[in-house]
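Submitted below is the structure of interest, expressed as structure tokens.
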Amino acid sequence: MSQFRAVSLPSFLLASMIGSAGMAADAEHPVVIELFQSQGCSSCPPANANLNTIAGRADVLALSFAVTYWDRLGWKDIFAHPAFTARQWEYARAGERGNVSTPQMIVNGRGVLIGHRGAELADVIKRFDRGTGGPRIDAAPGRVTIGAGQARRPANVWLVRYDPRTRQVPIRAGENGGRTLPHRNIVRRIELLGKWTGPLSSYPVARAADPVWRSAILVQDGAGGTILAARGI
């Protein structure tokens, strides 16, 4: 766990930089940006602001994961869950990193950067662009289908539920005590639907617990691996 003091880029500048990154992403092949952060981390608000700026783009799947390891330091994050901390550690182990930190962004399961460094985000998106490859993801009521393709090893098929609203959260204690922090695209659940090994595969999907939540599917090359395909459903 570590901290960084920084400020976010102006939203118009960050949006412009992302727009000129030259990525091949579109609504059916969005770039996946996962932010690991905590309401108890004083350097996380600028990273949240960066994610909030791009959260509405059709060619970006921006997901905010609240981790638990700041909870003991004065403020318990109201959205934190051990599964989100475990996901960040999977990335750390896959990348042979001995620790985790906040705020941290992971781009397409591969590119890693400090979340408040908006000036680097466009470059990381461009360098780790996965293009329009990967298996096709189709959704029907109650079911998701992953198309046939090449899988070098079994891939994890994740269902992510997230709240797309901007939630203004008053922080009562800890490093951000006295502030009200805006959060967007807040991950509320992540569920492993099964494995994809290359053939056309189908998975049942239950209705979300909250009708406001949105859902996304990630096909990931093993624990902490590359995102092979992603789509909002």
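Given the rule -39500 (n - 2.57) for each run of at least 4 DSSP H residues, summed and divided by the residues of the chain, what is its mean residue ellipticity at 222 nm, to the nearest 500 deg cm²/dmol?
-5500 deg cm²/dmol
Can you work out the Karplus-derived ³J(HN,Hα) for every residue in the range 174-186? Use 6.51 cos²θ - 1.76 cosθ + 1.60 with θ = phi - 60°, whole Hz, and x for glycine or proline.
Once θ is set to phi - 60°, the couplings for the range 174-186 become x, 4, 9, x, x, 9, 10, 10, x, 10, 9, 6, 7 Hz.
Additional query: Would you please give the residues with an amide H less than 5 Å from that of L193, counting only those at least 5 places away or on a separate chain, with H modeled from the backbone geometry?
V157, W158, L159
Counting only DSSP beta bridges with both residues in the chain, what percent are antiparallel, rounded to the nearest 5?
Working: 41 of 49 bridges.
Antiparallel: roughly 85 percent of the beta bridges in the chain.
Let me ask something additional. Can you work out ³J(HN,Hα) from phi for every residue in the range 37-53, in order, using Karplus 6.51 cos²θ - 1.76 cosθ + 1.60 and θ = phi - 60°, giving whole Hz and x for Gly and Pro?
Each residue's phi maps through the Karplus curve to give 8, 8, 5, x, 9, 5, 8, 7, x, x, 5, 4, 4, 4, 5, 4, 4 Hz.
Moving to a separate point now. Report, by chain and number, residues whose modeled amide H sits under 5 Å from the one on R231, excluding near sequence neighbours (fewer than 5 apart, same chain).
Sorted by chain and number, the residues that satisfy this are I217.
Treat the count of other C-beta atoms within 10 Å as a stand-in for reagent exposure and order H81, H116 from fewest to most.
Numbers: H81 17, H116 25.
By the 10 Å Cβ count, ascending: H81, H116.
Based on other C-beta atoms within 10 Å, arrange L193, L228, L121 from fewest to most.
Details: L193 19, L228 24, L121 27.
Arranged by neighbour count, lowest to highest, L193, L228, L121 become L193, L228, L121.
Related question: Show me 194-205, 151-162 ranked by packing, highest mean number of other Cβ atoms within 10 Å first.
Working: 194-205: 15.2, 151-162: 18.5.
Result, highest mean first: 151-162, 194-205.
Match the structure shown to one of the listed values (i) 1.01; (ii) 0.97; (iii) 1.06 of Cα Rg over 2.2 N^0.38 Å, computed from it, and give that label.
Checking each listed value against the structure points to (ii).
Rule-based calculations on the coordinates, nothing more; no lab input. Just so it is clear, the structure is predicted and the values come from calculations on it, not from any experiment. Here the Cβ is made from the backbone with ideal geometry for all residues, glycine too, and neighbour counts use every protein chain on show.
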